[in-house]
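The next block holds one structure in the form of structure tokens; read it before the comments.
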Amino acid sequence: MLGCGNVGSQVARILLRDADALAARTGARLELSGIAVRSLDAPRDAELPRELFTTDASALVTEADIVIELLGGIEPARTLILSAIEHGACVVTGNKALLAADGPTLYEKADAAGVQLSYEAAVAGAIPILRPIRDSLAGDKITRVLGIVNGTTNFILDQMDSTGAQFDDALKEAQRLGYAEADPTADVEGHDAAAKAAILASLSFHTRFALETVHCEGITSVTAADIAAARDAGFVIKLLAIAEKLAVPAGTGASDGGTEGVSVRVHPTLLPREHPLAAVHGAFNAVFIEAESAGELMFYGQGAGGTPTASAVLGDVVSAARRLVLGGPGRTETTTGHVPALGIDAVQTSYCIGLDVADQPGVLARIAQLFAEHQVSIETMKQTIHRDLSLSTSKTAAGTELDSPAHSAELRIVTHRASEAALAATVQAISALDIINSVTSVLRVEGV
């Protein structure tokens, strides 16, 4: 095993504790031959035999039948995994960053060597989602995947929704409880979810999607006002990883001849409160799948934590061990398709736009006219007047100057389905109006 952090220490503990039960499931005894770590004296989350530890990771991987990689990051994990594959070892990893960045190389090497590369723990912690997509739905056609795959951001948004907290306060609470790192950038900017989205898309659509094809937006711009407005309209805001197959008309530039493509994206999303994903609270994860024959499926559970994630790792270890006992080729990724990756401009969805505008006659008409000119249809519009205690100067019909309270208004506009390109052009045109103080938010709406 490479690495012995929060997850690794629990994997080792269970391997040693449940050796007899695991032997019965695999047909051979699983012997933990060594644990490579950076420091022999670092504190561990579980008490493990000291003789298992070594700092010589390179030597360890050349002598094993199965290598469990839990180091994280790109290097030295990549080099060690490739070395393990070269020496004929099956590999179990939870390294989402490496798989998203250089997964194709690892899959090809494993396939050529006839060994198994498994990575259930790379997405959604304890939730068994990758095996069901790869195996249980192998005879079906997945059309869409929506996932809450980052527990930190779900906890923050849930706190904002349930308590009315501002983003900064909810983040501090997540850090206090251990759900967020001291540097939460990878989570709150959506990078962690984007890596998982690339993996989910690759398995679901049998095509390798690189991390750079994933459109990524984080949650740092989501305000308490956005959350409150969503609640009033019957929505909840979640950071979703979305991969969906789309028909692309000819002439869009994304694909020729009207063929299908796949959009992979991560962004804050408004969901109706009756949608199954809207009920996922705290740091939990869930993945919602739509397939042609199976219909709608949802997988729910703990998305992080040492023991839950260790469950996913050990499931892959048992699978690899059984393959070694029974023989046969390693189970690898199925990438028989060559579906093009589509940019965000190919997406059509509904939108919720927040505007801070001057409270004066004709504002709504001018805004509505611009929406119509760009062929974006308004479904609902709600206006809230804000009184400014400062004074503005106006004149009466006789020319007398009067001081009166200034007013602004907040508009929340929900559109019918429109293309990303049309919406972007609409927002750009509206931003140029002299009656617009600011565009406060633009959020996509799903599940309606």
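The values are calculated or read from the model by the stated rules, or taken from the named source; none is laboratory data. Just so we're clear, the structure is a prediction, and the values are computed from it rather than from any experiment. Here Cβ is always computed from backbone atoms with ideal geometry, including for glycine, and neighbour counts include all displayed protein chains. Note: accessible area is taken over every heavy atom of the protein model, side chains too, but ligands, DNA and RNA are not part of it. Shrake-Rupley method; radii C 1.70, N 1.55, O 1.52, S 1.80 Å.
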- Query: Cβ-Cβ below 6 Å, separation at least six or inter-chain, first residue in segment 364-375 and within 19 Å of residue 354 (Cβ to Cβ), second assigned to a helix (DSSP H, G or I): which pairs?
  - Reply: 370/429; 370/430; 371/426; 374/422; 374/425; 374/426
- Message: Against the condition open to solvent by 50 Å² or more (accessible area, probe 1.4 Å), hydroxyl-bearing (Ser, Thr, Tyr) and farther than 20 Å from residue 196 by Cα, how does residue 9 come out, does it pass?
- Response: no
- Item | Scope segment 66-87; condition within 21 Å of residue 311 (Cβ to Cβ) and part of a loop (DSSP other than H, G, I, E, B); matching residues | 70, 71, 72
- Close pairs from segment 227-238: first basic (Lys, Arg), partner at pLDDT 90 or above and open to solvent by 10 Å² or more (accessible area, probe 1.4 Å), Cβ under 7 Å, at least 6 apart: 231/161
- Task: Return the pairs, sorted by first residue and then second, in which the second residue is open to solvent by 60 Å² or more (accessible area, probe 1.4 Å) and of a type in the set (Phe, Trp, Tyr), the first residue lies in segment 286-313 and is in contact (Cβ under 8 Å) with a residue 24 or more places away in the chain, the beta carbons are less than 9 Å apart, and the residues are 6+ apart or on different chains.
- Result: 286/300; 287/300; 300/284; 301/284; 302/284; 303/284; 304/179
- Message: I'm trying to understand the selection: among the residues of segment 260-292, which are in a strand (DSSP E or B) and open to solvent by 50 Å² or more (accessible area, probe 1.4 Å)?
- Response: 260, 284
- Query: Are there any strands (runs of 3 or more DSSP E) wholly within segment 377-447 with 2 or more residues that are at pLDDT below 95, closer than 27 Å to residue 237 by Cβ and open to solvent by 40 Å² or more (accessible area, probe 1.4 Å), and if so which?
  - Reply: 378-395, 436-445
- Item | Residue that is farther than 20 Å from residue 312 by Cα, touching a residue at least 24 places away in the same chain (Cβ under 8 Å) and part of a helix (DSSP H, G or I), where the choices are 60, 16 | 60
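Quick grid of which residues meet (1) open to solvent by less than 10 Å² (accessible area, probe 1.4 Å); (2) under 19 Å from the mean Cα position of the chain (by Cα); (3) touching a residue at least 60 places away in the same chain (Cβ under 8 Å):
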{"residue": "89", "(1), (2), (3)": "yes, no, no"}
{"residue": "110", "(1), (2), (3)": "yes, no, yes"}
{"residue": "125", "(1), (2), (3)": "yes, yes, yes"}
{"residue": "197", "(1), (2), (3)": "yes, yes, yes"}
- Message: under 21 Å from residue 70 (Cα atoms), open to solvent by 20 Å² or more (accessible area, probe 1.4 Å) and not in a loop (DSSP other than H, G, I, E, B): which single residue out of 143, 105, 152 fits that description?
- Response: 105
- Note on the structure: Residue count, segment 361-376, condition of a type outside the set (A, V, I, L, M, F, W, C), more than 23 Å from residue 407 (Cα to Cα) and not in a loop (DSSP other than H, G, I, E, B), comes to 1
- Query: Any idea which of 84, 77 is over 30 Å from residue 300 (Cβ atoms) and buried (at least 18 other Cβ atoms within 10 Å of the Cβ)?
  - Reply: 84
